[in-house]
Amino acid sequence: MEVKTIKIYFVILPKEIPKDILYKKVSILDINERKIFERYRTKDKKIEFLTGRILAKNMISKEFNTSNRKISFYKNSFGKLFVERDCIPRGKPPIYFNLSHSNGIVTCAISSNLHIGIDVENIKQDYLDIMEQIYLPKEIEFVNNGMNKNDKLRRFYLIWTLKESLTKALGLGLSLSLKSFKVPLDFNGGKYMNFVFKTFIVNDYIISVAVLYKKGVFYKFTLKKLSWKKLFCT
Ligand SMILES: CC(C)(COP(=O)(O)OP(=O)(O)OC[C@H]1O[C@@H](n2cnc3c(N)ncnc32)[C@H](O)[C@@H]1OP(=O)(O)O)[C@@H](O)C(=O)NCCC(=O)NCCS
């Protein structure tokens, strides 16, 4: 059986990154990315955006054994990023990746040859009151069966992150209604319909990944924490 390793990286951001360190790294952005970076009004959003680009470019260049400056991206019409074809060394399969960020955390999932989506959310944010509008009856029941508020929130965000990761693996994002499809109501993930899911809980964050299912492939998921300092200072 073919084994495919899906690599998931995350970075926990500090409350403050000194300006000189931050702006030194902006040079990794291309012209279009630079414009997006400048458009973000808050420093936190700028940092999350820049961290995502550094993380993705570093990890992809590592896969290709090349410099992170040689990695560039294009977007589909819904905003999903793909590696530019001419960055992929001859004879290597394409690398698919996806980014997600949420209040102080940035995540990136990478896989070779398999469409992938990732979503991270902070479990502490209480959005339980919008559940009726966005989830299916069985999903609402699953959340309401939680033992207490924390458990309910974990269940709420399990569904949210699984669904968003699937929409991102498809490259459609939330242009696809969350009520139009189901996900496994299970923290262990596994194969469901045409996707393989995996969920991790790290501190107050929940991270879910969806990868397109391919017959005869065993999916191995790895999760690695990277230090922001190493990312910004090397
Ligand atoms: C994808 C989407 C769900 C992400 O929402 P979010 O929860 O705010 O953000 P996350 O932190 O989880 O993910 C953001 C990352 O997802 C990626 N992304 C954006 N659109 C994507 C899509 N359609 N599919 C997969 N990934 C997408 C980007 O890399 C983005 O990070 P970046 O802006 O730093 O590059 C949302 O942006 C969306 O629904 N987009 C599609 C809507 C659409 O049709 N847009 C067209 C205009 S471009």
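The values are calculated or read from the model by the stated rules, or taken from the named source; none is laboratory data. Worth saying up front: this structure is predicted, and the values here are computed from it rather than measured. Virtual Cβ from ideal backbone geometry, glycine too; neighbours counted across all protein chains shown.
Things to note:
- Some residue of the range 185-204 being in contact with a Leu (Cβ under 7 Å, 6 or more places away or on another chain) and surrounded by fewer than 18 Cβ atoms within 10 Å (Cβ to Cβ): yes
- Restricting attention to the range 64-78, the residues that are of a type in the set (D, E, K, R) and buried (at least 18 other Cβ atoms within 10 Å of the Cβ) total 0.
- Residue match in the range 120-129 (condition: out of contact with any Asp or Glu (no Cβ under 9 Å at 6 or more places or on another chain), assigned to a loop (DSSP other than H, G, I, E, B), within 10 Å of the ligand (Cβ to nearest atom) and touching a residue at least 24 places away in the same chain (Cβ under 8 Å)): no
- For the range 79-105, filtering for residues that are near the ligand (Cβ under 9 Å from one of its atoms) and either at pLDDT 95 or above or exposed (fewer than 14 other Cβ atoms within 10 Å of the Cβ) (or both) leaves 8.
- Hey, K4 within 22 Å of K168 (Cα to Cα) and out of contact with any Phe, Trp or Tyr (no Cβ under 7 Å at 6 or more places or on another chain) or not: no
- Against the numbered list (1) loosely packed, with under 12 Cβ neighbours inside 10 Å; (2) assigned to a helix (DSSP H, G or I), I140 comes up short only at (1).
- Flag for R41 being free of Cβ contacts under 8 Å to residues at least 24 places away in the same chain and not in a helix (DSSP H, G or I): yes
- The range 1-12, subset aliphatic (A, V, I, L, M) and at pLDDT 95 or above, residue farthest from I118 (Cα to Cα): I12
Quick grid of which residues meet (1) under 13 Å from L114 (Cβ atoms); (2) more than 13 Å from the ligand (Cβ to nearest atom); (3) modelled with pLDDT under 95:
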position: A169; (1), (2), (3): yes, no, no
position: S177; (1), (2), (3): no, no, yes
position: G190; (1), (2), (3): no, yes, yes
position: N194; (1), (2), (3): yes, yes, yes
position: F200; (1), (2), (3): no, yes, no
position: N203; (1), (2), (3): no, yes, yes
position: V209; (1), (2), (3): yes, no, no
position: V217; (1), (2), (3): yes, yes, yes
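Table: residues versus (1) exposed (fewer than 13 other Cβ atoms within 10 Å of the Cβ); (2) without any contact (Cβ under 8 Å) to a residue 24 or more places away in the chain; (3) within 25 Å of P89 (Cα to Cα).
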site	(1), (2), (3)
I12	no, no, no
S27	yes, yes, yes
I31	yes, yes, yes
I36	no, yes, no
K45	no, yes, no
T51	no, no, yes
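- Criterion applied to L55, L22 was being closer than 23 Å to V211 by Cα, in contact (Cβ under 8 Å) with a residue 60 or more places away in the chain and not in a strand (DSSP E or B), and the one residue passing it is L55.
- Of the criteria (1) loosely packed, with under 12 Cβ neighbours inside 10 Å; (2) in a helix (DSSP H, G or I), which one K215 fails: (2)
- Test: residue in the range 40-55 that is away from the ligand (no atom under 16 Å from the Cβ) and in contact with a helix residue (DSSP H, G or I) (Cβ under 7 Å, 6 or more places away or on another chain): no
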